[in-house]
Every structure is written in structure tokens, then in C-alpha cells.
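For reference, the structure discussed in these notes is given below.
Read-outs: derived from the displayed coordinates by stated rules, not from any lab. Quantities reported herein were computed from a predicted structural model and do not represent experimental measurements. A quick note on method: Cβ atoms are made from the backbone with ideal geometry, for glycine too, and the neighbour counts reach across all protein chains shown.
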Amino acid sequence: MPAISTKLRAKLLQAIAHPNRIRILEVVKKGMDCSCEIAPQLGMEQSNLSRHIKILVNSGILIPERDGVRINYRIADEDIFRLLDISGELVRRSAERSIHEVEV
């Protein structure tokens, strides 16, 4: 299996490297899949939400599916949540180390 391009990995990480996009993924994980449900949940304007969703779709993280007049979004690969969980854990441990260094 060929090595995965660093550029492709960077593109994926860049796609989720915004607080609103992480929030969108967390809401989709809870089962809200239409922008009409996501926008009010996050208190976002529809145009702002659409811009962030477009980035997630273009990066292959979200998949749009038409349901009549609605467009629902689903996660392409559930492992994205593992990545978010791991990043949260890394941030938590880094904060703990920083606190410990201040105490010493």
C-alpha cells in the first residue's frame, strides 16, 4: 500500500480545523442531518453554515443526500469522530502539562 500523501492528510486536517466545522460534525453525530436542523442548533446563519458544510463535503468528510427538497448530510467515515476524540484528548493532556509546569 503506498504511503498516504502528506498533502492529502493536511487537506483533511485543514477541513476540520475550524471550531464551527467541529461543531457541525458533533451535531451530525447526534443525528441532525439537515442544514435546517443544524443551523438553529448551532445558532448559525444559513449562509455561514453552508460555507462550512461545503468545505466538509469537498474534503469527503460529509456526504450530501437529497431527500425531496431537503439535503441531508451523513458522515462518510465514522473514524472522523475518533480523530476528533483523539485531538480532544491531546489538548486535555497538553493543558494538564501546562498547569503542572506552572505549579513546579
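Odds and ends about this structure:
- Length added when fully stretched, K29-D67, from 0.36 nm per residue minus Cα-Cα: 11.8 nm
- Under 23 Å from K11, Cα to Cα: lysines that are on another chain or at least 8 residues apart: K29, K54
- Cβ charges +1 (Lys, Arg) and -1 (Asp, Glu), total dipole of the range 6-76, debye: 360
- Along the axis of the charge dipole computed for the range 6-76 (Cβ charges of +1 for Lys and Arg, -1 for Asp and Glu, origin at the Cα centre), the listed residues N48, L62, I38 are led at the positive end by L62.
- Among the GluC sites (Glu not before Pro) in the range 31-104, those placed in a DSSP loop whose Cβ has at most 13 other Cβ atoms within 10 Å are E45, E78.
- Distance from the range 67-104 to the range 1-52 (C-alpha centre basis), Å: 12
- Read-out mean projected area of the Cα convex hull in nm², derived from the coordinates shown; its label in [x] 9.2; [y] 10.6; [z] 6.7: [x]
- Reachable aspartates and glutamates from K30, criterion Cα separation under 13 angstrom, eight or more residues apart if same chain: E78
- Of the trypsin sites (Lys or Arg not before Pro) found in the range 11-95, those that fall in a DSSP loop while having at most 13 other beta-carbon atoms within 10 Å are K30.
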